[in-house]
Every structure is written in structure tokens, then in C-alpha cells.
């Protein structure tokens, strides 16, 4: 009876653990807490994608980086990706992950110039350069 009571109490007191995204784990481990949202937060539209020097720009491709370290992306009205992100302002890098895991190509080198952002890295020996522009959600809905 004593063991049954202990077992019952332990089952009641044990709570399921919540999964954390990569951003939460990094912030918890490094103490990287800031009250100023990083410049990456917001809605971005991809203007141009260059792989080596070949233009592979998509149509109506967007990425929404939320302040909580999550992102969603898609084409036009269709959302086709979601995950988490970590921006390192000391190294100027952006690392993304999805449920499938951390981006296998590693982090992007990131730079900002006004309302424009550039992501660069090497993927399978190819130089990838992505140019994005920050827009408001109202601008995106209006298609401007």
C-alpha cells in the first residue's frame, strides 16, 4: 500500500516537459537576453537569389521573423515552411532550424543596409547570395 501511494503521488507530481526551440535553448544557455528586437525581426520579401552568378529568384517569396525566435515563410498567400532562428549579432550570422533539424548548410552571413538584408553562404560549393527587403504586413497585403 505504501508503494502504491508513492507511485500515485509521483505520477501526479510529474509534469510533462515542454519542447524548446533552438532559440530558447541558446538564450537559456548563453544568457543572451535583450529587450531590443534584433534587426532581423519583421516581414521580409526576397528580391533576388543568386547561386554563383545565376539568377534563381522566386516569385512572391516571403519570410516572417518573429521576435520570439520563430519564423514562417512561403510564396504569395501559401505558407510552406516554419521553424526557429538564432541571430548572432557578434558574428553577423543567422541560423535556422525546422522540425527536421538545424539547416544542414549552416548559418548565413548576414548584413543590413537600411531596410535591406543580405544573406550569404556556400552550399555544395556554390556561392548563395539572397537579397531581401523589409516590408510592412499592410504593404504585403496590398501587393506593393
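Among the residues of segment 56-66, are any more than 19 Å from residue 116 (Cα to Cα) and either loosely packed, with under 14 Cβ neighbours inside 10 Å or in contact with a strand residue (DSSP E or B) (Cβ under 8 Å, 6 or more places away or on another chain) (or both)? No; the residues of segment 56-66 include none that is more than 19 Å from residue 116 (Cα to Cα) and either loosely packed, with under 14 Cβ neighbours inside 10 Å or in contact with a strand residue (DSSP E or B) (Cβ under 8 Å, 6 or more places away or on another chain) (or both). Only strands (runs of 3 or more DSSP E) whose full extent lies in segment 70-144 are considered here, and the ones with at least 2 residues that are under 17 Å from the mean Cα position of the chain (by Cα) and free of Cβ contacts under 8 Å to residues at least 12 places away in the same chain are 78-88. Quick check, is residue 46 surrounded by 10 or more Cβ atoms within 10 Å (Cβ to Cβ), part of a helix (DSSP H, G or I) and modelled with pLDDT of 65 or more? Criteria not met by residue 46. Against the numbered list (1) at pLDDT below 90; (2) part of a loop (DSSP other than H, G, I, E, B); (3) within 17 Å of residue 98 (Cβ to Cβ); (4) under 16 Å from the mean Cα position of the chain (by Cα), residue 37 comes up short only at (3).
The values are calculated or read from the model by the stated rules, or taken from the named source; none is laboratory data. Just so we're clear, the structure is a prediction, and the values are computed from it rather than from any experiment. Backbone-built Cβ (ideal geometry, glycine too); neighbour counts: all protein chains shown.
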